1. How about segment 104-131: which of its residues are assigned to a strand (DSSP E or B) and either under 19 Å from THR36 (Cβ atoms) or among the charged types (D, E, K, R) (or both)?
2. Could you grab me the full set of residues in segment 164-199 that are among the hydroxyl-bearing types (Ser, Thr, Tyr) and buried (at least 19 other Cβ atoms within 10 Å of the Cβ)?
3. How many residues, within segment 182-215, are part of a strand (DSSP E or B) and of a type outside the set (S, T, N, Q)?
4. Restricting to segment 152-163, name every residue that is in a strand (DSSP E or B) and either surrounded by fewer than 18 Cβ atoms within 10 Å (Cβ to Cβ) or in the same structural domain as ALA89 (by TED's automatic domain parsing) (or both).
5. Could you give every pair whose Cβ atoms fall below 8 Å, whose first residue belongs to segment 98-124 and is in contact (Cβ under 8 Å) with a residue 12 or more places away in the chain, and whose second residue is of a type in the set (Lys, Arg), counting only separations of at least 6 or pairs across chains?
6. Within segment 231-244, count every residue that is out of contact with any helix residue (DSSP H, G or I) (no Cβ under 9 Å at 6 or more places or on another chain), surrounded by 13 or more Cβ atoms within 10 Å (Cβ to Cβ) and assigned to a loop (DSSP other than H, G, I, E, B).
7. Could you tell me whether segment 100-119 includes any residue that is acidic (Asp, Glu), crowded, with 17+ Cβ neighbours inside 10 Å and under 30 Å from GLN74 (Cβ atoms)?
8. Being among the hydroxyl-bearing types (Ser, Thr, Tyr) and not in a strand (DSSP E or B), is that true of even one residue in segment 87-103?
Amino acid sequence: MSISRVLFMSLLLAVAATGCDDDDDNPVGNPGPDETAPSVLNVDAIDANHIEVLFNEDVETAGAENVGNYTIIQTGAGGDPVDTLTVNAAVLHPGGRTLSLTTSAMNSAPYRLEVSGVQDLAGNEMQTTVVKTFSGTDDPDNTRPELLSSEPAADARDVAIDAPIDLVFSEPILLSSLIAGTTWSSNLGDVEFTANTEDSLHVSLVPNSALAPDTRYTLDFDDVQDLSGNTMTSETLIFTTVER
């Protein structure tokens with residue numbers, strides 16, 4: 001085969017590779033809109049109370065964090081159902097593909113995860129139940145809770161003086177430990193605040209009075225615990241309020 005023909009074929013292959021859409025497998029030259037619902041790539045039991053789910057694409061938060069969209073069934077011989085776990089919490093990690101489920105205690109046995117109602121960022125929703133099998137574990141819960149995100153983000157500037165601090169944790173935390181372990185301060189002194197939550201995953205810290213403008217504030221989180229008593233690694237959040 002001539003060199004020119006080899007180069008021509010290589011060029012065709014390169015065009016084909018760039019013309020396909022990874023999500024939808026659309027034909028060359030017609031990428032088109034994303035019309036494919038998300039699926040589950042992997043399920044991993046971290047310990048007896050924690051499961052990590054990996055989606056094949058970024059998914060929308062509200063549906064992903066709806067515990068009613070997940071059913072976890074322990075299976076026996078021939079895949080027959082033996083027991084069902086309670087899903088206590090679901091939280092989507094930054095990046096939009098990894099989900100943490102907090103559940104009732106698992107056994108070291110086969111399980112089946114059934115997922116429905118989750119949609120991707122283009123609005124494509126799972127129309128049929130996605131099923132993924134995995135091996136459970138009875139390892140004790142030694143998983144530390146994590147602070148996944150905050151609003152305002154770390155080192156944010158021009159934060160409103162009356163804005164709450166919205167925190168998202170990887171699993172339900174003991175609210176009393178968060179209140180006791182949080183110090184909110186500036187060069188003007190400590191800030192008194194109220195902590196509000198409906199699910200112990202999403203927590204809002206609301207200052208009892210307006211913050212000072214153009215001021216650097218620090219929140220230190222120490223000894224924050226999950227419901228099993230595991231302690232979060234200390235975290236610090238710093239932001240600056242809007243100028244006058």
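1. Of the residues in segment 104-131, the ones assigned to a strand (DSSP E or B) are 110-115, 119-120, 125, 130-131.
Within segment 104-131, ARG112, GLU114, VAL115, GLN119, ASP120, GLU125, VAL130, VAL131 qualify.
2. Filtering segment 164-199 down to residues among the hydroxyl-bearing types (Ser, Thr, Tyr) leaves 170, 176-177, 182-183, 185-186, 194, 197.
SER170, SER177, THR182 - these are the residues of segment 164-199 that are among the hydroxyl-bearing types (Ser, Thr, Tyr) and buried (at least 19 other Cβ atoms within 10 Å of the Cβ).
3. Step one: filter segment 182-215 for residues part of a strand (DSSP E or B), giving 182-186, 189-190, 193-197, 202-207.
Filter once more, keeping what is of a type outside the set (S, T, N, Q): 184, 189-190, 193, 195, 202-203, 205-207.
Residues meeting the conditions: 10.
4. So in segment 152-163, the residues in a strand (DSSP E or B) come out as 156-159.
Listed by number, the residues that qualify are ALA156, ARG157, ASP158.
5. ARG112/LYS132; LEU113/LYS132; VAL115/LYS132
6. Residues in segment 231-244 being out of contact with any helix residue (DSSP H, G or I) (no Cβ under 9 Å at 6 or more places or on another chain), surrounded by 13 or more Cβ atoms within 10 Å (Cβ to Cβ) and assigned to a loop (DSSP other than H, G, I, E, B): 1 in total.
7. Here is the first cut: in segment 100-119, the ones acidic (Asp, Glu) are 114.
Subset that is crowded, with 17+ Cβ neighbours inside 10 Å: none.
No, every residue in segment 100-119 fails to be acidic (Asp, Glu), crowded, with 17+ Cβ neighbours inside 10 Å and under 30 Å from GLN74 (Cβ atoms).
8. Narrowing segment 87-103 to residues among the hydroxyl-bearing types (Ser, Thr, Tyr): 98, 100, 102-103.
Adding the requirement that they be not in a strand (DSSP E or B) leaves none.
No.
The values are calculated or read from the model by the stated rules, or taken from the named source; none is laboratory data. Predicted model only: the values in this text are computed from it and were never measured. Reconstructed Cβ throughout: ideal geometry from the backbone, glycine too, with neighbour counts over all protein chains shown.
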